[in-house]
């Protein structure tokens, strides 16, 4: 069964966001998403300093099957990318909410997080 | 969607099922990478029952296939002997690719692609009409491919004792019928092993016995990365009705030395005369990234395109097959998401028997 932690917020396009409470947040892709994509072999992350509007494509995760865009779940400026994924992209599979995080951001509009799905709503979307 | 006789076995093994040409087939049983390595290092098995088995019977079987196939059935003289061949259109484009087994003078067996079943059978019927032959499709057979360095020994362990000595002597690209089970020493992975045609009634029990021997189920995902590493073409991707074998890395499968007439020969002769414009090559990406089908190739001789591409689990690099201008040298660039990344041009295969081929890694 997929894990969908209740302390995170989600976008329909399968990104999760962890609000760090100081105007920053961490972004990754969900457990159901990594399971559907399969074994990760390459992750292309945004450079720190890049700014994105909510919903804009900002990263690519490539599994052995296919390449998939990752969308900015909230409007933001990237402050750090997870360098560990360069050599170990499989962390996205093995620990999607922990060591497999993708990037950290400075929020442009903290209010946008409230507009994202909570875990129950996201889980319900997976059952459709 | 159609299901094979092993459908329940796949679900029991935790398969993720997908639609493949109208068949509900396992794409993986958890990890495509693990399944890939399993076949390179030990033994894995694939349900490929969606493929079409067609027998051609009749006194003019050899004459019919001599006209139909780009490879020359005159090469097949020993019962059980097989080869790989294309069926061509008059235009020289590839109608389908297949394995042909010579059983006896009145009987050849063809195994053709699932995705091209309807047009392939129609083609056989149409061109067979002029010959004294009969075309029979076998729905009652399942196909299990057991592949890997330990594959043959694992299969021998589940076969009757008297069959084992016969199987032990079976040469590559030949087949034998043991106890009503058709065992061919062929495959689509670059490893040793068998492709086994067995009654749908026996398939599940046979699959379970192989499981007990430690043969792991592998999905179509691993099958694709294995065949790509082995430099084997996939019909519909690496060649289509628009491509001749000469631009698809398949000139070795076309027998044109003597004056045998076969469908598509004239078009191939004309293409040779005019100059074959392109060739299918292997690519190894130098930097980070993943090659995929349909990416643009930039060379000094002009543009090309990748036809298959993936991350190679054995080489830990991105590899591809690509159609490039004939005059292309040993380097090119691949356009990936707007960036141009350097790649080396190599001669497939990339991997054979678990190891990188010379000049690849």
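Remarks
Listed here are the residues, each with its yes/no results for (1) at pLDDT 95 or above; (2) part of a strand (DSSP E or B); (3) under 26 Å from the mean Cα position of the chain (by Cα).
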residue	(1), (2), (3)
B:306	yes, yes, yes
B:314	yes, no, yes
B:318	yes, yes, yes
B:322	yes, yes, yes
B:340	yes, yes, no
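- Just one of (1) within 14 Å of chain A (Cβ to nearest Cβ); (2) in contact with a strand residue (DSSP E or B) (Cβ under 6 Å, 6 or more places away or on another chain); (3) surrounded by fewer than 19 Cβ atoms within 10 Å (Cβ to Cβ) fails for residue B:81. It is (1).
- Residue B:361 part of a loop (DSSP other than H, G, I, E, B), more than 14 Å from chain A (Cβ to nearest Cβ) and surrounded by 16 or more Cβ atoms within 10 Å (Cβ to Cβ): no
Residues are listed down the side, and each one gets a yes or a no for (1) surrounded by fewer than 18 Cβ atoms within 10 Å (Cβ to Cβ); (2) in contact with a strand residue (DSSP E or B) (Cβ under 8 Å, 6 or more places away or on another chain); (3) more than 14 Å from chain A (Cβ to nearest Cβ); (4) free of Cβ contacts under 8 Å to residues at least 40 places away in the same chain:
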{"site": "B:199", "(1), (2), (3), (4)": "yes, yes, yes, no"}
{"site": "B:206", "(1), (2), (3), (4)": "no, yes, yes, no"}
{"site": "B:210", "(1), (2), (3), (4)": "no, yes, yes, no"}
{"site": "B:232", "(1), (2), (3), (4)": "no, no, yes, no"}
{"site": "B:242", "(1), (2), (3), (4)": "yes, no, yes, no"}
{"site": "B:255", "(1), (2), (3), (4)": "no, no, yes, no"}
{"site": "B:262", "(1), (2), (3), (4)": "no, yes, yes, no"}
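- Scanning region B:257-285 for residues that are closer than 16 Å to residue B:68 by Cα, in a loop (DSSP other than H, G, I, E, B) and modelled with pLDDT of 95 or more returns B:260, B:261, B:262, B:263, B:264.
- Among the residues of region B:293-337, the ones that are surrounded by fewer than 15 Cβ atoms within 10 Å (Cβ to Cβ) and within 12 Å of chain A (Cβ to nearest Cβ) come to 3 in all.
- Yes/no for residue B:10 being out of contact with any strand residue (DSSP E or B) (no Cβ under 7 Å at 6 or more places or on another chain), within 25 Å of residue A:34 (Cα to Cα) and either away from chain A (no Cβ under 14 Å) or in contact (Cβ under 8 Å) with a residue 60 or more places away in the chain (or both): no
The values are calculated or read from the model by the stated rules, or taken from the named source; none is laboratory data. For clarity, every value in this text was computed on a predicted model and none was experimentally measured. No Cβ is skipped: glycine too gets one built from the backbone with ideal geometry, and neighbour counts run over all protein chains shown.
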